[in-house]
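Below is one structure, written out as structure tokens, with a few remarks after it.
The values are calculated or read from the model by the stated rules, or taken from the named source; none is laboratory data. From a predicted model like this one, the values you see are computed outputs, not experimental measurements. All Cβ positions, glycine included, derive from the backbone under ideal geometry; neighbour counts span all protein chains shown. The protein model used for the area step is the full one, side chains on, heavy atoms only, and it has no ligands, DNA or RNA in it. Shrake-Rupley method; radii C 1.70, N 1.55, O 1.52, S 1.80 Å.
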Amino acid sequence: MLYRIQTIQKKLPANTGALVISPQNRYYLTGFSSSEGYVLITPQQGVFLVDFRYFEAAKREVKTAQVEELTRLREQLPALLARFGIQTLLVESGYVSLASFAMLKGICQGVELPAQNALDEWLLSLRMVKDEEELGYIRQAQSITEHAFYKALDFIRPGVSEREIYNEILFDYYRQGAGGMAFETIVASGPHSSSPHASVSDRRVQAGDFITIDMGAKFNGYCSDMTRTVAVGHASEHMQRIYQTVLQAQLAALNVLSANKTGHEADAVARNIIDQAGYKGAFGHSLGHSVGLDIHEEPRLSPGYEKTLPAGVVITIEPGIYLAGDCGVRIEDMALLLENGCQNLTHVAKELLVLK
């Protein structure tokens, strides 16, 4: 984990420091979770400023930076900058408000705080590629997710509500030791399934429904993400055709996905299959997104993403068809990009499942 701070240090010009504020990036750099704190990176040293509530635990657990108790930021930060000869301070901007930036600028008199800087880009680039420790956490999160999915299948029948299914999933997450949901679980039945991000409701499942379940657990801060659509009782020919089109698009995208391609290329493969099947306009979101400490990270699989994808990225592949007032289908796996192809981290079958 120390290499993460060292990578930032190597990029810093002389007399320049970096201040990291967001919980996700603090955790990424220190391995320590706290509701508040600052990581100051200078060419010579990393310093983790954290308040009394976390100080003793951080001193024991943090190995990547010097831990100091945060008491009065207005005094401590300028003193640290002076100690390390910092004349320019790069502040993480993606998670800091204008008011917070103005406050930092006010207390760091004589130090330049450029509004535009490369720190966010450096952190983004680092977090794109997962190391073995991160992959282990993501795999464990996915294992928890899959177990909860199978438990939910045993529970689903006509008459149960979306909210009851949701609660069964959440309960199983915690029973397995998850840190919670990676995002708000989606359980969308019948006509609700035509909304990609439907809110869970008290609607009760009926025979002949599609149910789309988009779910992901967290483990040690890292997310998983998986979607499956199942039918209850029976599936009409219309439903089967939609499902098979989405499955064909998803499998085709997985087949072409690899590092050194663009996000646009993979998206186009899936989108063309759906369009040519007569559902043009029914796949209104992008094909996928990277997953890590945040559920939506860069890079992305989307029509406008022309950057080359690096190996080591964990990314979702989730085409869908959504017909308003009728039904919807989404099938989503999570895969690790390799130099030649990808490794699917999702192990739940994708053939149309009709629950009897």
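Report, in listed order, any pair from Lys11/Lys59; Lys130/Lys280; Lys11/Lys130; Lys59/Lys130; Lys280/Lys356; Lys218/Lys261 with a Cα-Cα distance greater than 24 Å. Could the numbers behind the result be given before it?
Values: Lys11/Lys59 27 Å; Lys130/Lys280 35 Å; Lys11/Lys130 20 Å; Lys59/Lys130 26 Å; Lys280/Lys356 32 Å; Lys218/Lys261 29 Å.
With Cα atoms farther than 24 Å apart: Lys11/Lys59; Lys130/Lys280; Lys59/Lys130; Lys280/Lys356; Lys218/Lys261.
Could you tell me the calculated FRET efficiency between Arg53 and Ser97, based on Cβ-Cβ distance and R0 = 22 angstrom, to the nearest 0.05? Kindly include the intermediate steps, with their values, before the conclusion.
Details: r = 22 Å, r/R0 = 1.01.
Efficiency, rounded to the nearest 0.05: 0.50.
Given H placed on each backbone N at 1.01 Å, which residues far from Leu353 in sequence or on other chains put an amide H within less than 5 Å of it?
Ala231
Per residue, what accessible area does the chain have, given a 1.4 Å probe and all protein chains present, in Å²? Working shown, then result.
Working: 15240 Å² over 356 residues.
Heavy-atom accessible area per residue stands at 43 Å².
Tell me, how many Å apart are the Cα centres for the stretch 278-356 and for the stretch 97-137?
So the separation of the two Cα centres works out to 28 Å.
With springs only between Cα atoms under 10 Å apart, run a GNM on the chain and tell me which of Thr42, Thr212, Thr227 wobbles the most.
Thr42
Spin-label point model (7 Å from Cα, Cβ direction): what's the Ser35 to Ser236 distance in nm?
In this crude label model, Ser35 to Ser236 measures out at 5.1 nm.
Express in Å², to the nearest 10, the accessible area of His197 obtained by rolling a 1.4 Å probe over the protein heavy atoms while all chains stay in place.
130 Å²
Just to confirm my numbers, what's the Cα centroid distance between the stretch 6-81 and the stretch 198-234 in Å?
If we compute the Cα centre of each part, the gap is 39 Å.
Quick query: amide H of Glu184 versus all other amide H atoms, modeled in the peptide plane; which residues come in under 5 Å with a sequence gap of 5 or more or a different chain?
none
Within the chain, which whole H helices from DSSP have a Cα span along their axis of at least 24 Å and a mean Kyte-Doolittle hydropathy of -1.0 or more, if any? The partial results should precede the final answer.
On the way: long enough: 132-155 (35 Å, -0.54); 237-256 (29 Å, 0.04).
Span-like helices, by this rule, are 132-155, 237-256.
Just to be sure I understand: with springs between alpha-carbon atoms less than 10 Å apart, which residue in Ser193, Ser258, Ser33 has the highest mean-square fluctuation in the Gaussian network model of the chain?
Ser33
Apply the Karplus parameterisation 6.51 cos²θ - 1.76 cosθ + 1.60, with θ equal to phi minus 60°, to every residue of the stretch 284-297 and state each ³J(HN,Hα) to the nearest whole Hz, in sequence, with x for glycine and proline.
For the stretch 284-297, the Karplus-derived couplings read x, 10, 6, 6, x, 8, 6, 10, x, 5, 9, 6, 10, 10 Hz, x marking Gly and Pro.
Rounded to the nearest 500 deg cm²/dmol, what is the calculated helix-only ellipticity per residue at 222 nm for the chain, with -39500 (n - 2.57) per DSSP H run of length n ≥ 4? Numbers along the way, then the final one.
Details: 10 runs with 129 residues, N = 356.
That comes out to -11500 deg cm²/dmol.
Mind listing the phi-derived Karplus ³J(HN,Hα) values for the stretch 326-335, rounded to whole Hz, using 6.51, -1.76 and 1.60 with θ = phi - 60°, and x for any glycine or proline?
Once θ is set to phi - 60°, the couplings for the stretch 326-335 become 10, 6, x, 9, 9, 10, 9, 10, 10, 10 Hz.
Check Ser93: other-chain or 5+ apart residues with amide H under 5 Å from its amide H, H built from backbone geometry?
Asp120
Just to be sure I understand the model, the point goes 7 Å from the Cα along the line to the Cβ. What's the resulting Gln343 to Tyr174 distance in nm?
Rounded to a tenth, the inter-label distance reads 3.3 nm.
Expected output is a single nm value to one decimal: the length gained when fully extending between Asp275 and Gln66, i.e. 0.36 nm times separation in residues minus the C-alpha distance. What is it? The partial results should precede the final answer.
Numbers: separation 209, 0.36 × 209 = 75.24 nm, distance 5.51 nm.
Full extension of this stretch gives 69.7 nm more.
Computed from the coordinates I sent, mean projected area of the Cα convex hull in nm² equals one of (i) 17.7; (ii) 18.8; (iii) 28.8. Tell me the label.
Computed from the coordinates, mean projected area of the Cα convex hull in nm² corresponds to (ii).
Rounded to the nearest percent, how much of the accessible area of the chain (1.4 Å probe, protein heavy atoms only) is carbon and sulfur? Numbers along the way, then the final one.
Numbers: 7760 of 15240 Å².
Looking at the chain in its full context, I get 51 percent from C and S.
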